[in-house]
Amino acid sequence: MNNQTSSEDNGLNEDQKDDIKFFFQYLFVILPFGLIGDVLNVFVMTTSKQLQKVSYTYLRWLAYTDLTLIIFLGIDVIIQYLLIRQYWIRYYEVRINWYMVNSLSSCSNLLITVTTIDRYLFVCHPLKFQGKRAQKAMNSIVGVIYAVSMLINLIHTYDLVVISYVDKITKETYYYFQFNNFQDLFHTRIWPLTLEAVARLIPIACVLLLNPLTLRAHRQKTKKRREMQQRPAHEVEVAEKEERRLLVLLLTASVVFLVCVLPYAVISILTYRYTTLYSTSKIFYQLHASFYMIQATNYAVNFYMYSIASSEFRRSFKEAFRVLFRRYQGEVATEATSGTVAGTVSNGAT
């Protein structure tokens, strides 16, 4: 939350205070919705046999990341909305919570990027890359993504400082935060633009450039097979079905990503370029808050969009619940059998 602030420390006017209230009211609506969706998404990704395959590794990690991000974002909204202003709460908020929100946001965007690149290589260059997936290697790439995301957002821990405030009426001391007024080139230009490039602009460029190429290659391959009237063998047919499912999920996540993240990426660059606009222009301030809310939606709706766009995902969702139900039945049956055996042994001993 790069540009969130409290009304007391930055001299916001009444309109801006109302905007902040609306902002948190919106998040209070979207966060429970997103939390339920992300929990279900993780459940399906980790329970369905189809979605446990190596090719879905990045999408599984995307589900984990979005769920964790929603939890940290929810903690921040609760702190802000309930006006919790103790020193240790504010210190946690500005040193840890916001850092985690921004880091996980970058990580989620980069996971979309690496999933897009992975699909492009395996669809557009199948002879060179087919069969080279390895769970360990993909998990290592995810580890690198997390490390990069944490590193490039590390400076967020120094963005803000906790300050004390004495209420003029009650004379009680409260704690708020304010932005460090950095003036050097690194903090005002180099780091913000580097962060935007890595966390948003490069992912957006990859999604815009590679997904159309992947989709075109997939359509050409399907068209060529139909023209040749080839009936694929069972194994090939299963592989193609999985490829279609994965492509639909990727394209769905990519469209949501572009719609939600692109506006915030643009206005963030404008904020760094024209630093006074955020505090002087009401329209710019409202646009910035609105686009941030839209970006937050990106991490809350993937499960619902997957369910709408993919019949295969809906089947996997049903399958996951069947697996869970069978496990539950198995546990009940085991407990019943154990109880019967124990009772038999007890009667025999008697």
Handout entry: Leading residue by the ranking (modelled with the highest pLDDT) among those in the range 95-105 that are surrounded by fewer than 23 Cβ atoms within 10 Å (Cβ to Cβ) and more than 17 Å from L67 (Cβ to Cβ)
Key = Y99
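Residues of the range 1-60 being β-branched (V, I, T), at pLDDT 75 or above and buried (at least 16 other Cβ atoms within 10 Å of the Cβ), which ones?
In the first step, residues of the range 1-60 are kept if they are β-branched (V, I, T); the result is 5, 20, 29-30, 36, 39, 42, 44, 46-47, 54, 57.
Those still in the list that are at pLDDT 75 or above too: 29-30, 36, 39, 42, 44, 46-47, 54, 57.
Across the range 1-60, the qualifying residues are I30, V42, V44, T47, T57.
Quick check on my filter: what residues within the range 249-278 are among the β-branched types (V, I, T), open to solvent by less than 50 Å² (accessible area, probe 1.4 Å) and closer than 20 Å to A205 by Cα?
Of everything in the range 249-278, those that are among the β-branched types (V, I, T), open to solvent by less than 50 Å² (accessible area, probe 1.4 Å) and closer than 20 Å to A205 by Cα turn out to be T252, V256, V261, I267.
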Practice task
Check the range 63-82 and report whether any residue there is of a type in the set (S, T, N, Q), open to solvent by less than 10 Å² (accessible area, probe 1.4 Å), in a helix (DSSP H, G or I) and in contact with a helix residue (DSSP H, G or I) (Cβ under 9 Å, 6 or more places away or on another chain).
Solution key: yes
Practice task
Give me the pairs, please: first residue somewhere in the range 178-201 and touching a residue at least 60 places away in the same chain (Cβ under 8 Å) and open to solvent by less than 70 Å² (accessible area, probe 1.4 Å), second residue anywhere and part of a helix (DSSP H, G or I) and small (G, A, S), beta-carbon distance under 6 Å, and either six or more positions apart or on two chains.
Solution key: E196/S268; A199/S106; R200/A265
Practice task
Could you please let me know if S108 is open to solvent by less than 10 Å² (accessible area, probe 1.4 Å) and assigned to a helix (DSSP H, G or I)?
Solution key: yes
Problem - Subset of the range 139-169 that is open to solvent by 70 Å² or more (accessible area, probe 1.4 Å) and over 31 Å from the mean Cα position of the chain (by Cα) - its residue that is nearest to N102 (Cα to Cα) - result: S164
Problem - Pair list, Cβ under 8 Å, 6 or more apart: the range 302-327 residue within 23 Å of G34 (Cβ to Cβ), other residue among the polar types (S, T, N, Q) and outside any helix (DSSP H, G or I) - result: S316/S48; F317/S48; A320/S48
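The values are calculated or read from the model by the stated rules, or taken from the named source; none is laboratory data. All figures in this text were calculated on a predicted structure; none of them were measured in a lab. Positions of Cβ are generated from backbone atoms using ideal geometry, with glycine treated the same way; all protein chains shown enter the neighbour counts. Quick note on the areas: whole protein, heavy atoms, side chains included, nothing else; ligands and nucleic acids left out. Shrake-Rupley method; radii C 1.70, N 1.55, O 1.52, S 1.80 Å.
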